[in-house]
1. Looking only at segment A:552-574, which residues are part of a helix (DSSP H, G or I) and at pLDDT 95 or above?
2. Return the pairs, sorted by first residue and then second, in which the second residue is open to solvent by 30 Å² or more (accessible area, probe 1.4 Å) and in a helix (DSSP H, G or I), the first residue lies in segment B:115-139 and is more than 10 Å from B:Ile170 (Cα to Cα) and among the aromatic types (Phe, Trp, Tyr), the beta carbons are less than 7 Å apart, and the residues are 6+ apart or on different chains.
3. Can you run down the residue pairs with Cβ atoms below 8 Å, 6 or more apart or on separate chains, where the first is in segment B:511-525 and more than 15 Å from B:Leu364 (Cβ to Cβ) and the partner is hydroxyl-bearing (Ser, Thr, Tyr)?
4. Applying the selection to segment A:177-212, what residues are surrounded by fewer than 18 Cβ atoms within 10 Å (Cβ to Cβ) and closer than 22 Å to A:Gly314 by Cβ?
5. From A:Leu172, A:Leu176, A:Leu149, grab the single residue that is at pLDDT 90 or above, closer than 21 Å to A:Leu377 by Cα and not polar (S, T, N, Q).
6. Return the residues of segment A:12-45 that are in contact with a helix residue (DSSP H, G or I) (Cβ under 8 Å, 6 or more places away or on another chain), among the acidic types (Asp, Glu) and without any contact (Cβ under 8 Å) to a residue 24 or more places away in the chain; say none if nothing qualifies.
7. Of all the residues that make up segment B:373-404, how many are touching a strand residue (DSSP E or B) at 6+ places or on another chain (Cβ under 8 Å) and open to solvent by less than 30 Å² (accessible area, probe 1.4 Å)?
8. Please work out which residue is nearest to the other protein chains (Cβ to nearest Cβ), limiting yourself to segment B:456-485 and to residues that are closer than 27 Å to B:Leu531 by Cβ, crowded, with 24+ Cβ neighbours inside 10 Å and in contact with a helix residue (DSSP H, G or I) (Cβ under 8 Å, 6 or more places away or on another chain).
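The values are calculated or read from the model by the stated rules, or taken from the named source; none is laboratory data. What you see is a predicted model; the values in this text were computed from it and never measured. No Cβ is skipped: glycine too gets one built from the backbone with ideal geometry, and neighbour counts run over all protein chains shown. Areas reflect the complete protein model, heavy atoms only, side chains present, ligands, DNA and RNA absent. Shrake-Rupley method; radii C 1.70, N 1.55, O 1.52, S 1.80 Å.
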There are 2 protein chains.
Amino acid sequence: MSTGIAALDALNAAPLEEACARLDGLYEHSPWIVRAALARRPFATPAALICACADVVDQAPLEAQLALIRAHPELAGKAMVAGTLTAESTGEQSRAGLTHCSPEEFAALQRLNAAYNARFGWPFILAVRGPRGTGLTRAEIIATFERRLHAHPDDEWRECLRQIHRIAEIRLHDKLGWEPTAGHAVWDRLAALARHSEDAGQLTVTYLSEAHRACAAEIAAWMRDAGCDAVEIDAVGNVVGRYAAAQPHARWLLTGSHYDTVRNAGPHDGRLGIAVPLAAVRALHARGERLPFGIEIIAFAEEEGQRYPATFLGSAAVAGAFDPAWLALTDADGVPMADAMRGAGLPGTMDAIAACERDPSRYLGFVEVHIEQGPVLAAANRPLGIVTGINGSVRWLGEYTGVACHAGTTPMTQRRDAAAGAAELVLAVERLARAHPGTVGTVGILDVPSGSINVVPGRCRFSLDLRAPTDAARDALAQVALSEAHAIAEQRGLTLTLRETLRAAAAPSAPAWQARWERAVAAMGVPLHHLPSGAGHDAMMLHRILPQAMLFVRGENGGISHNPLESTTSDDIDLAVQAFARLLRDLAAETV
Amino acid sequence: MSTGIAALDALNAAPLEEACARLDGLYEHSPWIVRAALARRPFATPAALICACADVVDQAPLEAQLALIRAHPELAGKAMVAGTLTAESTGEQSRAGLTHCSPEEFAALQRLNAAYNARFGWPFILAVRGPRGTGLTRAEIIATFERRLHAHPDDEWRECLRQIHRIAEIRLHDKLGWEPTAGHAVWDRLAALARHSEDAGQLTVTYLSEAHRACAAEIAAWMRDAGCDAVEIDAVGNVVGRYAAAQPHARWLLTGSHYDTVRNAGPHDGRLGIAVPLAAVRALHARGERLPFGIEIIAFAEEEGQRYPATFLGSAAVAGAFDPAWLALTDADGVPMADAMRGAGLPGTMDAIAACERDPSRYLGFVEVHIEQGPVLAAANRPLGIVTGINGSVRWLGEYTGVACHAGTTPMTQRRDAAAGAAELVLAVERLARAHPGTVGTVGILDVPSGSINVVPGRCRFSLDLRAPTDAARDALAQVALSEAHAIAEQRGLTLTLRETLRAAAAPSAPAWQARWERAVAAMGVPLHHLPSGAGHDAMMLHRILPQAMLFVRGENGGISHNPLESTTSDDIDLAVQAFARLLRDLAAETV
C-alpha cells in the first residue's frame, strides 16, 4: 500500500508549477483541472486528489465538460492510426491491444465510433485498463461499447466523466508508482472465489449447493491463511474466523457479509465485506499486532433468498432470529431446508442453529463493508460512502377494478378506466417519494391483464414498494400514498384492493459507529458522502442485537447490481481496506 | 303496432286529473313524475311519454331520485311476503315466479337483498319482465342481481333509474293495451337466428362456418317470406333481398348490416340492421304497397374480422374495396379464404367478388340500423340515436424504454422509469380526449414486461387508440398526443418507439340522410339525441360509394357490447321499425 507515498508527499510539497508539470497529461489536453485541484493540497491519498479533480470538473460549465470529453481520442480511431495520440493514450490503447485488432474488430470499432459519435456528439470514453488495472480484452471493450451505445445521453455524459476520472486515477498511480496492493489482492481472491458456481459461464452460488460448500471451504482457508486463530463452519453454514485480542476475555468487534449470490451475479456483492476485513487482519497478523479487542469475521451463508423463500438465514441465526419454521421450507426440487443442511454435513436441527446466537455483551458492535449496489457514489465521484442507515420498507400488491368497455363507443365521461387510476397512482408515488429526501417509491409491476388495444381497461394490477430512512418516515409516506390510492379510487369510481406483502423495520446506523466510519474515511482525505442503504443487508439483522454501521464502496458501470457487470475497482477496494484498518486503529485507541 | 293508439289518443285528450288517474301506479308511489310529464302532451308514442317522465326525474333533485328508487320493494322481499306490494309490483313479482321460489332461491335473494342494501343503501331494482316483455327466469334474475352487486354506486344508481323507466314503460303498455308487435317479431326472429352457433351454449358465427351458412339460408328464407322479389347469396356470402319499386328502372335505397358475430356474442349486433328493414318491407308487402324506389337489403357476410385478419369483407365487396390479397389469408387452421369460399359453394375467385360492386348511380343512398354498443342512449334515456358519423381512428403499439434498476438503491432523481413515462401518457391521453367532445382516447394495453416489485421498470409497453368525428379532428388529436408522448420521453430521458397499426378514415353522415333519420325519429315524439359512432360499421365501407347515415338503437345493461348480455328491448326495436317505415314514407314523398 505504501509504494507511492513518498511521491505523493513530494507532490504535496512541490511548488504549484512543478506539481502541475509532474501531473501533466493526467487529464487529456486539459491541464486546468489539475491546476485548480492542487489548491486543495495536501492529499492524503491519490483518491483524494482525484476527488478534488472531479469536483473541479463538476463545478465547471457544461461547455468545459464537453470540451474535456471531446479532448479524448476515439478508441482505435484515426488518431491512433495516424500516430497523433498523447503518450498516455498511446500506452493505454496499445496495452489494451487495440493496435493489434483483427480486421473484423477494427471494422467493428470504426462502426461503433461512428454510431456513437452520431448519437452523442462526442467520442466514446472507456478506461481500457479496467477495474483491476490490468486491461480489458478487446472483446470486453467491444461489448461495453455496444451496451453504452444505447444509454441515455445524460447518463452517458456522466459515465464518460466517470471514465475520465478513472483514467486519470490510473495515470496518477503510474506517475506516483502507486500500487493498490491490498486492493489487487482482494480483487484477485474474489475473482478466484467466483470460480465456484452452479451455472457454467455465470456466477450463481445458492444456499448449500456444491458451489456454496466449495466457497465455504475456500473462505475458511483464507481465514486461516490471513492469521485467524480459530475458524469454523457453524450450523447454518456461516464461516466464522476469529482473530483474538491482546488480552483474554476482551470483547469482540463483529464484522462480515454474505457469500451466497443471486443467479448470474457480480463477484463483489457480499463477498467484499468478508475479504476487506480479512485483508486488514492479515496486515495485523503480518506485523504480529494484537488489538485490545478481538475481531470476529463472519462469512454469512445466506442473505439473498434464492433457494428458499426466506432471507438472511446466516445473520438471523447469529442474531437469534432464525425462525424454526424455515427448516421445513422446500426448494424448487422439494428438498426441505433441514435435509439440505444434513446433506451438507450440518446438524439440521433447531438446537444447533439456536446455539449460533451471539451474546451482545461480548461484542462491541457490528460493521459491514458492502458494494453500494446503486448509482449514488459513482455519480458523485466518491469511492466510499457513509451509510446513515438501512431504509425501512413496506410492499403491497394491488389492483384497481373499473369497468371494461368498448374503447370506441364509451365516452370519456362514462368510463371507469382502471389503468388511468393506476397511472395516477404511479405519478403520485413518484411525487411523494421525491418530496422526501432519502425515501424511494416504486411501482415495479404494472399490468392490464389481457389488455386489448380497443378495450378500456377494466382491471390494472400493480405493486407498490416504499422505503424510508426511519420507520416513522416510512409509515408517514405509506399513509399518504395509501390515502392517495384510495382517493383515486373514490374519485374515479374504481374498486381498490391492496395486500401488504412485506414490512421491514429501518436500521439506522448507530451514531458512534457511523462517526468511526466518518473518521476513517476522512483520514483518507476523501470527502464524506452520506447515503441511506435502500437495499437490505446482514447489518439489518445484526441491528437487532448490536449497534451497527456500514461502509459502501462505489459500484462501477453506473452502480448496476445483481448483474455480472456489478464490480468495484481494486483502487476503491484498497481504500476500503485502508479505511477498515484505520477504524480498527482508532477503535483500539478508544478501547485502551 | 297499432292496438294501443286509441288509448294513447284518449290519454292525450283527457283532462290532467283524469290522465293522472289513468296512469296511476306507473311510477311506484311517485305520481309527481307522470303529473309533470303530462304537461308535454300530446305524445305520439308511449316511448315519447316515457322520455318525458325520464326528463322529469333527471331534472329532479338527487333526494327526489333517491326517494323514487327507495319507493320500490325488494325482489321477493318482506313486502311480497307480507302482501303489501302495489298491485303492479304484485303482478310483476308473481309473473316472474318470485312467489314460487325454491327455498334455496328464496335464501339467495334474501342474501342478495341484504348485501345490496348494505352496499348501496337502496333496494335492487330490475324490470323482471325483461327486454322481450315476457319475463326473466328466476335464474336470470339472480345472475343479474349477482352481477350488479359489484357495480359502482354511481353506475348502479343510473341503472336503477333506467330499470324504473323500463318498468314504467311496460306498465304503460299494459294500461294502454299497447303491443309492440313488430318489435316482438324481430326479437323472436333474432332469437331464432341465434340457434345457429359454432359454440354450444354461446353465440359464435364466424365467416363461412356451418353456422354461418345456416344463418344465410335462414335470412334468405326471411327475405322471401317478407315479400322480397329476388333473393340471392352473392360471391362473398352476402344475402341480398330486393323489394322492387313501383316502376322499373327506379333507383334503389340500400340498407342492411352484418350477420356474422364475434365469439360469445349478443343476438342483436348487426342482425338488427337486417331484421328491422325487413319488418318494414313486410308491412309494405302486406299492404301491397310499392314505393318510387326499390329497397335492397343486404345481410353482409362478414364485418367482425374473427376468422381472418381482415374486416368488412361483405361490405368491401359491395363497395368495390375487396382486396384480392385477402383471398390468400389463412384462418387459425391454415385454411385460405378462397378455399373456405369454395367449400361453402361460392366461386372463390376475384372476378366473382368484383362483380358484387354496386354502381352508385343506381342507388339513392345507404342507411343502417345498429344497436349502439355503448352506454350513451341508456344513460340519456333515449330509445333511438341519430348518428352524426363514424369516428375516424388511429392506433399505435408503443414502448417506453428507460433503465431497469434497484427499487431500493436508486434515488428518485437518478431513475429512468419507463412505467412512470407511460403513466404520464395515459393521463395525457385522457386529458386531451376529454377536452374535445366526441373524441375518445384509450390506452388499453399497459404492461411492464417481467415487472418485479423491487425493480424500477426499464420497459413499459402500451397501446394507443384515438378516435374523432372527422379525419382532421383525429389528426389534430393524434398530433398533440404524439407530441406529448415524445415530450415525456425527452423530459424523462426515455426512449420511445411507436408503430402505427391502423388508420381508418372518418365517415361523417350525409347531412340529407341524417336529416331524414331526424324527421323519422321526431315523428315518434322522441327527443333527438345525436352521437358519433365510436365503433366501425358496414356504413363506413359504403361511405366510399354512397351517402350514408345510421340510426342507433339503445343497448340494455349499460350498453354492454360483444357480450351475451348485449341486447335491445322489443319496444325499442318496434320504435326503430316505425322510424324506418317513416323514413321510407318520407323518402317516397320526396322522390315522387
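1. A:Ser570, A:Asp571, A:Asp572, A:Ile573, A:Asp574
2. B:Phe120/B:Pro153; B:Trp122/B:Leu66; B:Trp122/B:Arg70
3. Hits for this filter: B:Met524/B:Thr45; B:Gly525/B:Thr45.
4. If the condition is that a residue be surrounded by fewer than 18 Cβ atoms within 10 Å (Cβ to Cβ) and closer than 22 Å to A:Gly314 by Cβ, then A:Ala192, A:Arg195, A:Glu198, A:Asp199, A:Glu210 are the ones that fit.
5. A:Leu172
6. A:Asp24
7. Count: 20.
8. Restricting to residues being closer than 27 Å to B:Leu531 by Cβ, crowded, with 24+ Cβ neighbours inside 10 Å and in contact with a helix residue (DSSP H, G or I) (Cβ under 8 Å, 6 or more places away or on another chain), the top hit is B:Arg467.
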